[in-house]
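Data first, discussion second: the structure below is written as structure tokens.
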Amino acid sequence: MSSNSNLVLIFDTTLRDGEQSPGASLNEAEKLQIAHALARLGVDIIEAGFPYSSSGDFKAVNRIAQEVKGSIICGLARATEADIEKAGLALEPAEKKRIHTFIGASDIHLEHKLKLTKAQCLEKAVKMVKFAKSITQDIEFSAEDAGRANPEFLFELIEAVIEAGATTINIPDTVGYITPFEFGHLIKSIKETVKNINQAIISVHCHNDLGLAVSNSLAALLNGARQVECTINGLGERAGNCALEEIVMILKTRQKTFDLFTNINTVEIARTSHLVSNLTGFPVQKNKAIVGANAFAHESGIHQDGVLKNKSTYEIIDPAEIGLKTNKLPLGPRSGKHALKSRLGELGYDLETAELESAYARFKELADKKKQVSDKDLISIVDERQRESVIETFFVLERLQIACGTGLPTASVEIKDLKQNTLLRTSALGTGPVDAIYQAMKELINIPADLIEFSVHSVTEGIDAQGEVTIRLKHQNKVYTGYAADTDILVASAKAYLNAANKLLEKLI
Ligand SMILES: [Zn+2]
């Protein structure tokens, strides 16, 4: 593919940069589940992790390389032989693999972090690209902090690594400082100055510290970049990265203006966003572009009237384009298994018999309680089931009884220890009902862990809505996220605690 083509490659780094979001730790099975979702979404390149950084990351990248087909699987490596070798090893089973190596290019990084002269940096970069090339042909090179690098040195470095075999050159705005005009100019000058630039694809990696990640990426595309590094829901270090769903839907909605396209299957967007939000425990803000709960909600009477007469009056994107079907009748207590299966199919879930049975049982329970079960409820049911199936379970909730009011909030909790096949039971006091539940759980499970975050939000509107609870437990400097949904938020709180505790135990054993 030449860099003059109209195709924009989508490089997703949810599993690498996104997983670096403080508190977004994912286990191997969760990473694999997200990688499958990204492949289904049609992402061209999945950056699956940084194999040298930990044995957990190595194993996750290796498993994704083994099992996920369709996309190129990429591993990050610093410009050292040990890092590159590890990445190569982890990527070994992949059908299509890419090694992504990087080195700091700005004066600040060279002087303070790397303690290298420009000449030494250039020599090292060339040597490492050649070394990586001995493992695979597809090599991406990143000039870290390129936004603040001396342009003359940057051009020289790019030319040298392309000469050494790099096939993609990534220009990151590592600190999220640059503005669209400056970034567009930088990409343009690379395109005009670097002699062999047409032998490589220019990629960009923008951070959102000033809220400009998407705008900067777009400016780069207008000036010749043909790969965007992005994440689902804009996750990532600090304020995050360029949001995949936003850049993709800008190019699709304004196709005539930009004349660029991607390989993304946009109907998978809503579902992938929900999955990533649940597994990382980062709720999507309601007014978030494209995937926020209010993104297609029309509140003003004039707007509602307009949309009813003709959707395009106030709607620039049909919600169905990102996989949301808003006009379907909700399912209810009388809906059968077949109706559930077919609606889930429309939402993109193809469940196996056993999974369908379990989803149906949960659906019936919910339908009896709230009468109308919306698409969002269904997504939450399936995601919760899939989530449970990807972690090893040590404890499950059997019974929960709460007493509260102006007296002493008390929780009586009964959980089943699946390994010992015994029931454990206790009661505890707390400052409120949730605290009482967690005090009781702590006593029963007996692992020292601090609760560092607790949040509740509703899946749909209304007093009978399901509450989704996300919690984070900290044990020896590692954070474990737990998630559960139920019409009773106290039950959801107890289940979320057990979900996090099960993940913690899985790591310990
Ligand atoms: Zn980054």
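The values are calculated or read from the model by the stated rules, or taken from the named source; none is laboratory data. Everything numeric in this text was worked out from a predicted model, so none of it was measured. Cβ: placed from backbone, ideal geometry, glycine included. Neighbour counts: every protein chain shown.
Below are the figures for this structure:
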{"item": "Residue among ALA492, ALA440 that is among the hydrophobic types (A, V, I, L, M, F, W, C), surrounded by 14 or more Cβ atoms within 10 Å (Cβ to Cβ) and closer than 24 Å to VAL382 by Cβ", "result": "ALA492"}
{"item": "Segment 11-38 residues that are assigned by TED's automatic domain parsing to the domain that holds ASP138 and farther than 16 Å from PHE50 by Cβ, paired with ones that are within 12 Å of the ligand (Cβ to nearest atom) and among the β-branched types (Val, Ile, Thr) (beta carbon under 8 Å, 6 or more apart)", "result": "LEU38/THR14"}
{"item": "From ILE73, ILE99, ILE64, ILE34, residue being in a strand (DSSP E or B) and over 24 Å from ASP145 (Cβ atoms)", "result": "ILE73"}
{"item": "Top-ranked residue of segment 249-266 - restricted to ones that are in contact (Cβ under 8 Å) with a residue 40 or more places away in the chain and closer than 20 Å to ASN294 by Cβ, ranked as farthest from the ligand (Cβ to nearest atom)", "result": "THR253"}
{"item": "The lone exception for ARG78 - which of (1) away from the ligand (no atom under 16 Å from the Cβ); (2) farther than 23 Å from LEU186 by Cα; (3) surrounded by fewer than 23 Cβ atoms within 10 Å (Cβ to Cβ) it fails", "result": "(1)"}
{"item": "Conditions (1) assigned to a helix (DSSP H, G or I); (2) at pLDDT 95 or above; (3) in contact with a helix residue (DSSP H, G or I) (Cβ under 6 Å, 6 or more places away or on another chain): number failed by ILE264", "result": "(1)"}
{"item": "Residue among ILE178, ILE187 that is within 16 Å of the ligand (Cβ to nearest atom), of a type outside the set (D, E, K, R) and assigned by TED's automatic domain parsing to the domain that holds GLY75", "result": "ILE178"}
{"item": "Candidate set from segment 1-31 (those that are under 13 Å from the mean Cα position of the chain (by Cα) and not in a loop (DSSP other than H, G, I, E, B)); member that is farthest from GLY482 (Cα to Cα)", "result": "PHE11"}
{"item": "Qualifying positions in segment 167-199 - surrounded by 22 or more Cβ atoms within 10 Å (Cβ to Cβ) and in a loop (DSSP other than H, G, I, E, B)", "result": "THR174, GLY176, ILE178"}
{"item": "Some residue of segment 4-12 being touching a helix residue (DSSP H, G or I) at 6+ places or on another chain (Cβ under 8 Å) and of a type in the set (Gly, Ala, Ser)", "result": "no"}
{"item": "Total residues in segment 172-203, condition more than 16 Å from VAL228 (Cα to Cα) and among the small types (Gly, Ala, Ser)", "result": "1"}
{"item": "Residue in segment 138-149 that is without any contact (Cβ under 8 Å) to a residue 40 or more places away in the chain, away from the ligand (no atom under 16 Å from the Cβ) and in the same structural domain as GLU229 (by TED's automatic domain parsing) present", "result": "no"}
{"item": "Single residue of SER358, SER380, SER427 found to be of a type in the set (Ser, Thr, Tyr) and more than 30 Å from ASN477 (Cα to Cα)", "result": "SER358"}
{"item": "Segment 37-56, residues that are assigned to a helix (DSSP H, G or I) and closer than 23 Å to ALA143 by Cβ", "result": "none"}
{"item": "Hits in segment 123-151 - residues which are modelled with pLDDT of 95 or more, assigned to a helix (DSSP H, G or I) and not basic (Lys, Arg)", "result": "GLU123, ALA125, VAL126, MET128, VAL129, PHE131, ALA132"}
{"item": "Tally, over segment 453-486, of residues that are in contact (Cβ under 8 Å) with a residue 60 or more places away in the chain, of a type outside the set (Gly, Ala, Ser), surrounded by fewer than 19 Cβ atoms within 10 Å (Cβ to Cβ) and closer than 17 Å to VAL434 by Cα", "result": "2"}
{"item": "Segment 214-245 - residue that is of a type in the set (A, V, I, L, M, F, W, C) and within 13 Å of the ligand (Cβ to nearest atom) and, of those, surrounded by the most Cβ atoms within 10 Å (Cβ to Cβ)", "result": "CYS230"}
{"item": "Residues of segment 10-30 that turn out to be at pLDDT 95 or above and away from the ligand (no atom under 15 Å from the Cβ), as a count", "result": "1"}
{"item": "Scope segment 38-47; condition under 12 Å from the mean Cα position of the chain (by Cα) and either surrounded by fewer than 24 Cβ atoms within 10 Å (Cβ to Cβ) or within 16 Å of the ligand (Cβ to nearest atom) (or both); matching residues", "result": "ILE46, GLU47"}
